[in-house]
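Working notes for the structure below.
The values are calculated or read from the model by the stated rules, or taken from the named source; none is laboratory data. All of these numbers come straight from a predicted model, not from anything done at the bench. Reconstructed Cβ throughout: ideal geometry from the backbone, glycine too, with neighbour counts over all protein chains shown. Surface areas here come from the heavy atoms of the whole protein model, side chains and all, with no ligands, DNA or RNA. Shrake-Rupley method; radii C 1.70, N 1.55, O 1.52, S 1.80 Å.
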Amino acid sequence: MNIWSILLKNLANPTGPCGILSPTLVFTINRNLTLAIPTETDTLINDYIESNDLAYIYALHRSASRVIEEACCKIVFDNYSSEKDFLGIIVENLEYFPEITNLVDFHVLANDLYQVAEASCWCDEDFDIPHNMHILGLIAYAIQEKIETSDFSQSDIADAFLHSLAIGNPEHYDSEAIVYMLSRKTDCEDAVDKWIPYLQKMAIKFQEYSPEQFSNYKTAAEIMRIAQYAEIGNVPNLIELICETIVISPPPALTPDESESINKCFATPFPLFRSDFALNHLRQKLSDYLIKAQAWLEHALINQSYSNWNGDAETLKLAITAVSSSFIFGCHRLGGNGFDEKIKNAAIKHLITVQHPSASWWTHDSWLKYFAIEITAISIHALHSSQPFGWTTACRRASKWLLSEQDAYGQWYEIAPNLSAYLTVLVLDALELAKDGTQVTFKLPDPASDSEDENTSQSDSNKTTNKPSKKQKPATVTKKSRKPLVKPDYLNDAVFLIHSDRNISFVQKNNSKRLNFGHKGRAYKLLLLMAAKQSPTSKEVKDLVCTAGTKPNQAVRDINNSISKKIRAAGFSNVKLNTEFISYCQDFGCYNSLIPVKSIDDYDREYLKDSEEIINDAYGNTSWDN
């Protein structure tokens with residue numbers, strides 16, 4: 001049985017894929033089971049592939065895939081009237097590749113497909129594949145073989161896959177590809193022109209929707225993102241139409257006898273939070289969703305209202321993960337003002353604690369494994385936006401898992417291959433965020449500009465408030481220099497490392513030991529303050545670790561003694577008792593640490609460089625990071 005028979009029979013099977021076929025399935029054609037092709041034709045095919053860049057032959061591969069798949073669908077479902085229907089499919093998908101006419105005659109191929117459909121010969125296991133159909137299949141097979149066997153990096157094939165969608169025939173959801181290319185400043189103005197008619201068609205289609213019908217957040221986000229990035233302003237009232245039509249539903253209330261409603265929890269407006277246009281035009285609707293999601297999470301995480309839920313516990317856990325990720329990321333994108341920090345922290349803690357040992361956010365025995373890639377990428381977005389203790393460790397592990405899920409075709413896809421562009425761009429953004437990068441397809445806050453504004457404001461303020469009067473001599477300001485702390489040799493290369501599980505390690509020369517301070521103890525609290533503030537004031541130390549009648553210097557002295565004993569007990573006998581790890585600087589009125597106090601995230605980033613190494617091992621030193 002040849003590949004054409006397999007595809008057609010699968011489509012005809014009521015339990016089969018019904019037209020949703022992965023690109024790699026479409027081209028598993030075997031040369032040995034098909035017609036013999038003249039050597040000169042085979043040479044022409046290979047020469048054509050070798051003479052074009054990767055993105056171009058990718059686009060040809062995908063377009064040929066659509067011809068085969070759509071033709072098979074027309075044949076099986078009897079959705080044709082003449083050979084013109086087949087010619088329309090061929091021209092629509094292959095018109096951007098004029099050179100291919102040297103290898104495939106479009107009119108003859110259309111006639112061949114029509115004859116196969118009329119004769120119903122495809123039902124026979126040994127039906128003969130018409131010559132032009134076979135040539136098209138061989139072109140696609142040769143392209144796939146080149147993609148899968150050549151020494152391309154993962155970044156090369158991911159970029160080429162998305163570039164091919166951007167320059168190819170516009171399709172639903174593929175516009176994420178052109179958003180990605182434009183965000184990387186790729187020159188694709190010709191491709192943008194092809195997407196304008198697509199958006200005009202979408203505008204007409206939207207007018208047919210009712211508010212109850214339209215709740216597809218991916219579709220709305222897709223249109224808003226391409227309209228923004230491609231700077232398309234001549235589509236009449238399309239954005240306004242979306243804003244009027246879209247309904248953003250809150251997470252449904254869960255009761256023991258309504259387990260089916262939990263599936264609706266996974267339909268969050270997360271894609272809209274990735275659209276800068278949506279943040280401006282749908283701010284009120286998105287804010288309303290966050291308020292309701294906050295109340296839902298309060299029931300789920302704070303009040304434990306769903307602890308007696310009769311449904312699958314893993315599904316409930318993942319539903320909370322989906323809502324938590326959307327809530328955390330949404331609060332960050334909208335500014336976070338007015339939302340309950342206690343609930344937000346509970347949602348963050350949930351994400352950190354439920355990460356699967358595989359490093360993804362799913363469990364292998366759940367039907368939701370089909371959404372593992374998407375929910376993992378979304379969780380990375382949420383953790384990056386909040387950056388709690390342990391976020392880089394969690395995201396670094398998740399990145400490694402995501403990279404392992406990229407297929408040989410260069411894409412990421414799960415249950416619906418037609419969403420592969422959306423999912424691939426989502427994952428690439430997640431990988432960038434996991435290494436704290438900035439080259440993503442949505443706007444990140446610019447801390448440098450905030451700092452400049454603050455400095456400018458402070459400078460202007462100084463000009464007005466500190467200007468001396470004519471009768472007053474300006475005060476003489478003596479600039480103080482920081483008094484250096486004298487660190488003994490036995491503390492060289494030492495660092496305190498704060499873990500996300502409320503523990504602290506003493507690390508020196510690749511030797512790390514946990515000190516097992518209680519997280520409610522004074523030593524833990526003070527080191528945590530040193531990591532957060534670097535140089536806390538005497539008042540801050542007093543408020544945190546001093547009991548009634550105890551002065552800060554007394555409390556810090558006792559804490560230093562406790563730390564010294566813990567370190568020596570852990571095996572670092574070279575460390576002397578009563579070492580003054582934390583001391584008061586009289587000149588500056590603050591406390592300083594003798595050795596660095598870092599979170600696990602800072603340590604990973606500055607000492608181990610694991611986050612970059614994982615990505616670079618897979619992608620090499622390419623333009624991926626440029």
If packing is taken as the mean number of other Cβ atoms within 10 Å per residue, what is the order of 509-521, 557-569, highest first?
-> 557-569, 509-521
How do the peptides 321-332, 153-164 rank, highest first, by the average count of neighbouring beta carbon atoms within 10 Å per residue?
-> 321-332, 153-164
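Where does each of 347-358, 53-64, 173-184 land if you order them by average Cβ count within 10 Å, highest first?
Packing order, densest peptide first, comes out as 173-184, 53-64, 347-358.
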Along the range 81-88, Karplus-curve 3J(HN,Hα) (6.51, -1.76, 1.60; θ = phi - 60°) to the nearest Hz, with x for Gly and Pro, reads 10, 7, 5, 5, 5, 6, 5, x
When the convex hull of the Cα atoms of the range 487-543 is projected onto a plane and the area is averaged over all directions, what value comes out in nm²?
-> 4.7 nm²
R0 of 22 Å, Cβ-Cβ distance Ser512-Ser583: FRET efficiency to nearest 0.05 = 0.35
Could you list which residues have their amide H under 5 Å from that of Phe517, counting only those 5 or more apart in sequence or on another chain, with H placed in the peptide plane?
-> Ile504
What is the set of long-range amide H partners of Cys590 at a cut-off below 5 Å, with H atoms built 1.01 Å from backbone N?
-> Cys585
Accessible area expressed per residue, the range 47-105, with surrounding protein chains retained (probe 1.4 Å, Å²) = 43 Å²
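Could you work out how much longer the chain between Thr186 and Lys542 gets when fully extended? Use 0.36 nm per residue separation minus the Cα distance between them, nm to one decimal.
122.6 nm
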